[in-house]
Every structure is written in C-alpha cells, then in structure tokens.
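I have placed the structure first, in the form of structure tokens, so that the comments after it can refer back to it.
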Amino acid sequence: MSGAWDVIKQIKEDKLKVMVVTGSGQTSLLDRLNNSFPDTFTKENSVTAFDVKKGKPNPEPYLIALEKGGLLANEAVVIENAPLGIEAAHAAGLFTIAVNTGPLSNAILMDAGADLLFDSMKELSNHWKGVVEALAVQKATDTTIKEEEK
C-alpha cells in the first residue's frame, strides 16, 4: 500500500503503539509485513487469523488488539481499507479512518462506519499531524465533559 510506511513512521515518531489486525494467517503475508515494515510488527502487536474465533466484520479481532496493546477503545485509532474491517472496528467502538485503496466508492467505506476518509495513504500521511491533534482535542473535550457530569 503506497504511503503506508510513511504513516507508520509518523505513528512511531509520535510514540504511539503500532499494531496490525489481519484476517490472514498466510505466512507469506506475515513475512511480507516484516520485510516491508522492518522492526514494526511482532507476535505481541499483531492479530491474525490464528488469534481469533470470529473474523471481521465481528469486532473480536479489534477487541483482541486492544487487549494485546493494553489499550482502551478511546485510546486507539484504526486505519482500514476494507468494508468488513471498518465494520469490525466500528463495532468495537474504535475511531476508524478509512483509506480508499481500491475500486470501491467512498460511500461504501463511509456506510460501513468510517469516521474519517482519505483517498490514499499518501493523503493520510500528509494530514496525519492534523488528525492526531484533532483526536487529542476531542479526547480532552470528552474527558472534561465526563468529569463535569460527575
């Protein structure tokens, strides 16, 4: 996926945890991930077909990722390019960024539950800092509202 490494490098620079959630269990795909994204994905920060009983669009893969990462739903962001993955992330209560990397219409990805949409990983990379800042403001606002409700 052109531009994916740029996004991953920015995520790492921001000291955020990077995880992969894939429905695949193919050794060749997992090897390709390790070759394409060196020093990024390990068994501890990966969820594959071997880790789940129910695959996407069931939220289980993303719920397992949260557990493996020691994260709450409001501490995670999903970047997805497939409707079933978007449905799964949305069902797990995760903020989901859709990246249209194929022939699907943007409407299909948004209808699956995406919160934000980019036309490419390159576009997401160009806007990453703004996305992180907006999410931090939103999280701070949500925290303030919850504290005021107490």
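Computed values, structure above
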item: Selection within the stretch 30-48 - of a type outside the set (S, T, N, Q) and surrounded by 13 or more Cβ atoms within 10 Å (Cβ to Cβ); result: LEU30, LEU33, PHE37, PHE41, VAL47
item: Among residues of the stretch 63-112, those that are in contact (Cβ under 8 Å) with a residue 24 or more places away in the chain, closer than 19 Å to LEU135 by Cα and in contact with a strand residue (DSSP E or B) (Cβ under 9 Å, 6 or more places away or on another chain), counted; result: 13
item: Complete set of residues in the stretch 100-136 that are polar (S, T, N, Q) and over 15 Å from the mean Cα position of the chain (by Cα); result: SER105, ASN106, ASN126
item: Some residue of the stretch 100-107 being touching a Lys or Arg at 6+ places or on another chain (Cβ under 9 Å) and either crowded, with 18+ Cβ neighbours inside 10 Å or closer than 17 Å to ILE11 by Cα (or both); result: no
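Every read-out reported here was derived from the displayed coordinates using simple, explicitly stated rules and does not represent laboratory data. Given the structure is predicted, the values throughout are model-derived calculations rather than measurements. For neighbour counting, all protein chains shown are included, and Cβ atoms are generated from backbone atoms with ideal geometry for every residue, glycine included.
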